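A.B. asks: Okay, here's the structure, questions in a sec.
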Amino acid sequence: MTIKTDMTVRPEVKGFFDPATSTISYVVKDPNSDACAIVDSVMDIDYAAGRITYGHADAMIGYVKERGLKLEWLIETHVHADHLSAAPYIQKALGGKLGIGRNITVVQDTFGKIFNEGTEFQRDGSQFDRLFDDGDTYKVGTMTCVAMHTPGHTPACMTHVMGDAAFVGDTLFMPDGGSARADFPGGDAGQLYDSIQKVLALPDDMRLFMCHDYGPNGRDIRWETTVGEEKAHNIHVGGGKAREDFIKFRTARDAQLDMPKLIIPSLQVNMRAGSLPEPDETGKRFLKVPVNGL
């Protein structure tokens, strides 16, 4: 499928870096109105203490209010395994609709079983306002945005194209960072390679915005590149690397990686669209730890 986008539309993109999780969240403003979207927000957690706070989200809320912007969409590129979404908290403060890829239902079914969720946990994606299919469009002000299904890291991964900017989630990292892992339940290295090729088929001067950056080799944190730069220089897929070689490399590399530190709370919260599990009869909320479950 060929993604059609108006490369003359250049949204204003403000990145917010969270050093605790190396996540970048974005406020994306329509250049022709006060409408905006927020992509991949972060809720703060002190996991050892079981304490939730909202400093990162409050900074984004403050930015939107100070600029007099109207939040129309909260976009999750996928169900994150390394940070918790603050979407409901931001939505309560600013409004807007919450969207994710339709295959959230696959993720909910998989991890609903892993975390032994009861029948009260809905696995139909109803926690979200919109479930995107490949090629679906939506509006941020006057700007037409396109959701592109890019699975491999997870089944529900989507790249969101807004004018000359694309938000790739964990599908790609900066050229010197390579690509995301594909060994989580539902992940697939071959699918990831194919999804990366879909992203690299976008115009060479398309701006690409990463969900994470870890400053390889001690460089400063960066989160913006282009399709052309990725095609030429990405250390995992650049220069036309063959699919079979990528799969072999990705599979071997993933086998050496530890699980993300926040995977257990992140999945339980993010498969609920950023909401915490329901409280028990005393009003307390709990997160589960599946022993030998991941």
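A.B. asks: Could you tell me whether ALA87 is of a type in the set (A, V, I, L, M), in contact (Cβ under 8 Å) with a residue 24 or more places away in the chain and within 14 Å of ALA273 (Cα to Cα)?
C.D. replies: yes
A.B. asks: Could you list all residues from the range 220-258 that are loosely packed, with under 12 Cβ neighbours inside 10 Å and over 20 Å from VAL199 (Cβ atoms)?
C.D. replies: ASP220, ALA252, ALA255, GLN256, LEU257, ASP258
A.B. asks: Within the range 51-63, which residues are among the hydroxyl-bearing types (Ser, Thr, Tyr), surrounded by fewer than 17 Cβ atoms within 10 Å (Cβ to Cβ) and either touching a residue at least 24 places away in the same chain (Cβ under 8 Å) or not in a strand (DSSP E or B) (or both)?
C.D. replies: TYR63, the sole residue that qualifies.
A.B. asks: Considering each residue of the range 250-294, count those that are in contact (Cβ under 8 Å) with a residue 60 or more places away in the chain, in a helix (DSSP H, G or I) and of a type outside the set (S, T, N, Q), and give that number.
C.D. replies: Number satisfying all stated conditions: 7.
A.B. asks: Looking at (1) more than 26 Å from GLY177 (Cβ to Cβ); (2) out of contact with any strand residue (DSSP E or B) (no Cβ under 8 Å at 6 or more places or on another chain); (3) surrounded by 13 or more Cβ atoms within 10 Å (Cβ to Cβ), which is the one condition that is false for ASN292?
C.D. replies: Condition (3) is where ASN292 drops out.
A.B. asks: Now, a different point. Does the range 137-157 contain at least one residue that is touching a helix residue (DSSP H, G or I) at 6+ places or on another chain (Cβ under 8 Å), farther than 20 Å from ALA87 by Cβ and among the small types (Gly, Ala, Ser)?
C.D. replies: Among the residues of the range 137-157, at least one is touching a helix residue (DSSP H, G or I) at 6+ places or on another chain (Cβ under 8 Å), farther than 20 Å from ALA87 by Cβ and among the small types (Gly, Ala, Ser), which makes the answer yes.
A.B. asks: If you don't mind, there's one more thing I want to ask. Is one or more of the residues making up the range 108-128 of a type outside the set (Val, Ile, Thr), closer than 24 Å to ALA57 by Cα, free of Cβ contacts under 8 Å to residues at least 60 places away in the same chain and outside any loop (DSSP other than H, G, I, E, B)?
C.D. replies: no
A.B. asks: Of the residues in the range 131-144, how many are in contact with an Asp or Glu (Cβ under 8 Å, 6 or more places away or on another chain) and either in a strand (DSSP E or B) or surrounded by fewer than 16 Cβ atoms within 10 Å (Cβ to Cβ) (or both)?
C.D. replies: Counting residues in the range 131-144 that are in contact with an Asp or Glu (Cβ under 8 Å, 6 or more places away or on another chain) and either in a strand (DSSP E or B) or surrounded by fewer than 16 Cβ atoms within 10 Å (Cβ to Cβ) (or both) gives 5.
A.B. asks: Right, another one. Could you check how many residues of the range 186-203 are surrounded by 17 or more Cβ atoms within 10 Å (Cβ to Cβ) and either of a type in the set (Gly, Ala, Ser) or in a loop (DSSP other than H, G, I, E, B) (or both)?
C.D. replies: So the count comes out to 6.
A.B. asks: Let me ask something else about it. Just the residues that are in a loop (DSSP other than H, G, I, E, B), among the hydrophobic types (A, V, I, L, M, F, W, C) and over 14 Å from LYS231 (Cα atoms), please, taken from the range 158-185.
C.D. replies: Correct list: VAL168, ALA180, ALA182, PHE184.
A.B. asks: Turning to a different aspect of this structure: Specify the residue that is modelled with the lowest pLDDT; the eligible residues are those in the range 110-123 that are among the charged types (D, E, K, R) and surrounded by fewer than 15 Cβ atoms within 10 Å (Cβ to Cβ).
C.D. replies: Among those residues, the one meeting the criterion is GLU120.
A.B. asks: Of the residues that make up the range 204-216, is at least one at positive phi and either among the aliphatic types (A, V, I, L, M) or part of a loop (DSSP other than H, G, I, E, B) (or both)?
C.D. replies: yes
A.B. asks: Could you go through the range 33-50 and let me know if any residue there is more than 26 Å from GLN127 (Cα to Cα), surrounded by fewer than 19 Cβ atoms within 10 Å (Cβ to Cβ), without any contact (Cβ under 8 Å) to a residue 24 or more places away in the chain and hydrophobic (A, V, I, L, M, F, W, C).
C.D. replies: yes
The values are calculated or read from the model by the stated rules, or taken from the named source; none is laboratory data. As the structure is a prediction and not an experimental result, all values here were calculated from the model. So basically every Cβ, Gly included, is an ideal-geometry build from the backbone, and we count neighbours across all protein chains shown.
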